[in-house]
Amino acid sequence: MRSAQFESRETAVRWTAGKVAAARARRPLPTTALARAALTAVSGDVELHAAATLMLLVGLRPGEVQRLRILDWTPGVEPRLTIRSDRRERTIRIAPSAASALDEHLEGENAELGEPLLLGLEYHWFVHRLFRDAMQQAGLDVDVLDLRRAAMAAVLEDGTPMQHIEAYFGIAKSPGRKDLVPVREGYDEGIAAVLEAEFAS
């Protein structure tokens with residue numbers, strides 16, 4: 001009896017997850033104005049604003065934001081982030097406004113290199129919940145995952161080569177891909193400039 005209940009519960013969970021994923025896929029992309037408004041709506045919370053900026057102006061996934069550590073951030077004239085996952089690691093140039101949001105968040109902090117970059121958001125669901133609440137208060141229909149989708153759409157519309165998009169956003173290549181076009185050096189600077197111009201300038 002218990003195994004039957006478990007199986008039906010597992011099926012229900014999978015079915016619900018599939019419906020949620022499908023609903024997100026059907027959501028219209030937020031306009032540039034709406035994405036900017038979402039960023040403005042969280043500007044009063046320095047940490048949440050930094051997280052939202054990383055998702056919109058760098059195109060990070062919420063889980064990638066949560067996993068960032070102090071040692072992953074390289075500030076300066078050419079600000080970079082190292083994004084780590086189980087499968088791969090990438091270090092990319094980021095938009096100046098994203099760098100500024102991180103600098104503002106970390107101002108006066110004396111954190112150890114291994115500590116979370118966004119200490120108050122170390123649990124994955126915090127970003128989702130806090131962002132959702134902020135959007136509801138602002139009367140904006142923007143989901144946390146819409147920010148990454150908007151970033152990727154802006155770069156695609158700019159005509160950026162698919163190999164560069166895959167490298168910057170950490171997208172796994174499809175098994176059937178036969179192309180051998182290399183990712184040229186400095187590709188990330190161009191993408192960072194596109195995102196800055198689209199959502200921050």
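The values are calculated or read from the model by the stated rules, or taken from the named source; none is laboratory data. Bear in mind that the values here come from a model prediction, so they are computed numbers and not experimental data. Using ideal geometry, Cβ is built from the backbone for each residue, glycine included, and neighbour counts are taken over all protein chains shown. Side chains are part of the model used for accessible areas, which takes the heavy atoms of the whole protein and leaves out ligands, DNA and RNA. Shrake-Rupley method; radii C 1.70, N 1.55, O 1.52, S 1.80 Å.
Only protein heavy atoms count here; under a 1.4 Å probe, Met162 has an accessible surface of about 90 Å². Accessible-area rank, largest first, for Phe131, Phe126: Phe126, Phe131, with all protein chains present and a 1.4 angstrom probe. So how far, in whole Å, is the C-alpha centre of the stretch 122-155 from the one of the stretch 26-45? Here the answer is 8 Å between Cα centres. About its Cα centre, the dipole of the stretch 33-100 is roughly 280 debye, where the only charges are +1 on Lys and Arg Cβ and -1 on Asp and Glu Cβ.
For the stretch 135-141, 3J(HN,Hα) computed residue by residue from phi via the Karplus equation (6.51, -1.76, 1.60; θ = phi - 60°) reads 5, 4, 5, 8, x, 10, 9 Hz, glycine and proline entered as x. With the whole protein complex present, Arg27 retains an accessible surface near 60 Å², based on a 1.4 Å probe.
With a cut-off of 12 Å between beta carbons, the residues surrounding Ile94 carry a summed charge of -3, where Lys and Arg count +1 and Asp and Glu -1.
Between Ile171 and Glu78, what length in nm is gained on full extension when 0.36 nm per residue of separation is reduced by their alpha carbon distance?
Between Ile171 and Glu78, full extension yields 31.2 nm more.
Using the Karplus relation 6.51 cos²θ - 1.76 cosθ + 1.60 with θ = phi - 60°, the per-residue 3J(HN,Hα) values for the stretch 184-201 come to 6, 5, x, 4, 5, 5, x, 5, 4, 5, 4, 5, 4, 5, 6, 10, 10, 7 Hz, with x marking Gly and Pro.
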